[in-house]
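The values are calculated or read from the model by the stated rules, or taken from the named source; none is laboratory data. Bear in mind that the values here come from a model prediction, so they are computed numbers and not experimental data. Neighbour counts are summed over all protein chains in view; Cβ atoms, including those assigned to glycine, are modelled from backbone coordinates with ideal geometry.
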Amino acid sequence: MKKCGGPAICPKYSVAGVIVSVHLDSLQAERTGQRGSSEEFFFDINAKLDEKKKSSGQVALSFELGIITKPNVVKYTVAGTVTIEGSGEDIRKRLEVNPKTKVPQILFTVYQHVFSAIYVLSSVLNTPYPPPDLLHPMQEKIQIVPATARNEAPQDAKEPEAVVEKPPTATIPTTTTPTTTAT
């Protein structure tokens, strides 16, 4: 199996002037308690980014995300690699920390990619899932890039694009977001 070499394994996204590939190495969900009949849940997220490899026009980062509920019902952990391709200036912008949320811009894209997998796990375990906007992402357009050869540039804007626009959201100073769930 190729690592981030095929579109089925590692899709590529065009985000704010760069191409982003997210590859998951580990995805886990652990039920840590029982769910009440009508509880309000808060989600805390811990994130870690480490530079693995850097070259002209490309940066590879390892990431780890840990998401836990309060009260303690479930813990989700995700680890993998995110690769950013583009100009040095555009890459630097994606690695900058958002001054309002104190979260690096690239984590918005990583979380958006892993959210659907976490949602599926939560459905199987019948546990609460974190909100899709847990990191309070800014409005951004994401284009799914068609499969290209490894060193080929993506095709021009003539390709159809999937646009995901989120309305502006209020920023809460912490990364804890309440969710009310009823069973």
| task | May I ask you to verify whether residue 44 is part of a strand (DSSP E or B), among the acidic types (Asp, Glu), over 24 Å from residue 12 (Cβ atoms) and at pLDDT 90 or above? | result | yes
Within the stretch 15-30, the count of residues that are at pLDDT 85 or above and surrounded by 13 or more Cβ atoms within 10 Å (Cβ to Cβ) comes to 9
Of the residues in the stretch 62-83, those that are hydrophobic (A, V, I, L, M, F, W, C) and within 13 Å of the chain's Cα centre (by Cα) come to 63, 65, 67, 78, 79, 82
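For every residue, the table says whether it meets (1) in a strand (DSSP E or B); (2) at pLDDT 90 or above; (3) among the β-branched types (Val, Ile, Thr).
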site	(1), (2), (3)
83	yes, yes, yes
89	no, yes, no
149	no, no, no
155	no, no, no
158	no, no, no
Condition set in contact with a Cys (Cβ under 9 Å, 6 or more places away or on another chain) and aliphatic (A, V, I, L, M), scope the stretch 17-59, selection farthest from residue 127 (Cα to Cα): answer is 22
Qualifying residue in the stretch 72-82 (condition: free of Cβ contacts under 8 Å to residues at least 24 places away in the same chain and surrounded by 12 or more Cβ atoms within 10 Å (Cβ to Cβ)): no
